[in-house]
Amino acid sequence: MDQQEQMRCYFCGGEVVARQITHFRQTPQGTAEFRGVPCEVCLVCGEKYFSPETVRRMEELSTMPAHEYVQLPAYDYV
């Protein structure tokens, strides 16, 4: 992708680059962790952009048994 085709962030106008991230998403079973998710991330504000295929894959995975279960720490802000 050349400079003229470079994706810019919809919210802040920052540069957006391809990354693989860990993403947390609400599923019918509760909060799920998805590792190695391809997305575009704004280097300025951190906004994430997922392709339709990536969203469909996460939805598909959330209907299957997880290969691992982890405990997450919980905090009360007040």
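Any read-out appearing in this document is the output of simple, stated calculations on the displayed coordinates, not a laboratory observation. On a predicted model such as this, the values are computed, not experimentally measured, just so you know. Here Cβ is always computed from backbone atoms with ideal geometry, including for glycine, and neighbour counts include all displayed protein chains.
In terms of overall dimensions, the C-alpha atoms belonging to the chain reach 43, 36, 16 Å along their principal axes, ordered largest to smallest. Rounded to the nearest 10 degrees, the angle from helix 52-61 to the longest Cα principal axis of the chain is 10 degrees. Mean separation of Cα pairs under 8 Å and 6 or more residues apart, divided by the residue count, gives segment 3-45 a relative contact order of 40 percent.
Spin-label pair TYR49-ALA66: with each label point 7 Å from Cα along the Cα-Cβ axis, the two points sit 3.0 nm from one another.
Taking the Cβ-Cβ separation of VAL17 and MET58 as r and a Förster radius of 25 Å, what is the calculated FRET efficiency to the nearest 0.05?
Details: r = 20 Å, r/R0 = 0.81.
Working from the Cβ atoms, E equals 0.80.
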